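Asker: Here it is: the structure, laid out below.
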Amino acid sequence: QVQLVESGGGLVQPGGSLRLSCAPSGSIFSINSMGWYRQAPGKQRELVARISSGGSTNYADSAKNRFTISRDNAKNTVYLQMNSLKPEDTAVYYCNVNCRVSGSSYYQTYWGQGTQVTVSS
């Protein structure tokens, strides 16, 4: 079974920065795309950023020029560097990984448990 271990959330003042990280545990054979989503209270979960196995990225408009997604394939880890944070970035951030486990012939998508990011003075 695959579990996604997230870290890096917390409380930060407006204009501050946070770095989220996420790595799948388990016997991973191959990872396709990795990404971050977020869900604010009363709102639907939305894409923040995704990165493909080849390193191509796409961002929500709200994240462009402030957030940077990256991955370390040697560590099977995805990062989200968030700069110039705003109160409207407050949400639970979820890691999302599409991967194939050893012994399996297909890819599945897994979700992390979520990490709270609060931007407030």
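The values are calculated or read from the model by the stated rules, or taken from the named source; none is laboratory data. Everything quoted here is computed from the prediction, not taken from an experiment. In this analysis, Cβ positions are derived from the backbone assuming ideal geometry, glycine residues included, and neighbour counts consider all displayed protein chains. Accessible surface areas use protein heavy atoms only, side chains included; no ligands, DNA or RNA. Shrake-Rupley method; radii C 1.70, N 1.55, O 1.52, S 1.80 Å.
Asker: Counting just the residues of segment 28-69 that are under 19 Å from Gln3 (Cα atoms) and among the aromatic types (Phe, Trp, Tyr), which one comes out nearest to the chain's Cα centre (by Cα)?
Answerer: Among those that are under 19 Å from Gln3 (Cα atoms) and among the aromatic types (Phe, Trp, Tyr), it is Trp36.
Asker: Criterion first (part of a strand (DSSP E or B), at negative phi, more than 14 Å from the chain's Cα centre (by Cα) and touching a residue at least 60 places away in the same chain (Cβ under 8 Å)) does Cys99 satisfy it?
Answerer: yes
Asker: Counting only residues that are touching a Ser or Thr at 6+ places or on another chain (Cβ under 8 Å), of a type in the set (Gly, Ala, Ser) and assigned to a strand (DSSP E or B), how many does segment 31-41 have?
Answerer: Residues in segment 31-41 being touching a Ser or Thr at 6+ places or on another chain (Cβ under 8 Å), of a type in the set (Gly, Ala, Ser) and assigned to a strand (DSSP E or B): 1 in total.
Asker: Considering only residues that are touching a Phe, Trp or Tyr at 6+ places or on another chain (Cβ under 6 Å) and open to solvent by less than 30 Å² (accessible area, probe 1.4 Å), which ones fall in segment 37-74?
Answerer: Arg38, Val48, Ala49
Asker: Give segment 65-116 a look and list any residue that's touching a Pro at 6+ places or on another chain (Cβ under 8 Å) and β-branched (Val, Ile, Thr), or say none.
Answerer: Val97
Asker: Taking Gln44 and the conditions (1) assigned to a loop (DSSP other than H, G, I, E, B); (2) over 17 Å from Gly114 (Cα atoms); (3) of a type in the set (S, T, N, Q); (4) at pLDDT 95 or above, which numbered condition does it fall short on, given that it satisfies the others?
Answerer: (2)
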